[in-house]
Amino acid sequence: MLELRPSCEHCKRALPPHSTQAMICSFECTFCAVCVETLLDGVCPNCGGNFSPRPIRPKKNWNGDNYLGKYPPASRPVERPVEPKSHAQLLAQVQHIDPTER
């Protein structure tokens, strides 16, 4: 079950469950689309993987209690600001490698 973290790990921008600006890696590291595009160049600073848009959990119980009321978003933010120098080193290693090959 995705945590649906409440904010960008870098800039702390609010990313409520319905946000279309939330991006996640396969470990659920969560960043806003602006940080992913302008700061991270599409590479997760924590694992070196790529990002995908975070799915939106339904507000309404359409089927089998699989909705926000039963599975609410995380309330505690994860704050891991990106250190530009170390991220630049990571980018130099992996940016040229297709995400499917990393």
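Values quoted throughout were computed directly from the atomic coordinates according to the rules given, and no laboratory measurement underlies them. These numbers were taken from a predicted model, which means no experiment stands behind them. Counting neighbours? That spans all protein chains shown, and the Cβs are built from the backbone with ideal geometry, glycine included.
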Along the charge dipole of the chain, which of 1, 38, 96 sits closest to the positive end, that is, farthest toward it, with unit charges on the beta carbon of Lys, Arg, Asp and Glu (+1, +1, -1, -1)? 1
Between segment 57-96 and segment 13-46, what is the separation of their alpha carbon centroids in Å? 7 Å
Would you work out the relative contact order for the chain, in percent, from Cα pairs under 8 angstrom that are 6 or more residues apart? 30 percent
Can you tell me the order of 12-20, 39-47 when each peptide is scored by its average per-residue count of other Cβ atoms within 10 angstrom, highest first? 39-47, 12-20
If one puts a single equal scatterer on every Cα of the chain and applies the Debye formula without solvent, what log₁₀ I(q)/I(0) results at q = 0.13, 0.15, 0.18 Å⁻¹? -0.48, -0.61, -0.81
Taking the dipole of the chain about the Cα centre (Lys, Arg +1; Asp, Glu -1; charges at Cβ), the one of 47, 74, 22 that reaches farthest to the positive side is 74
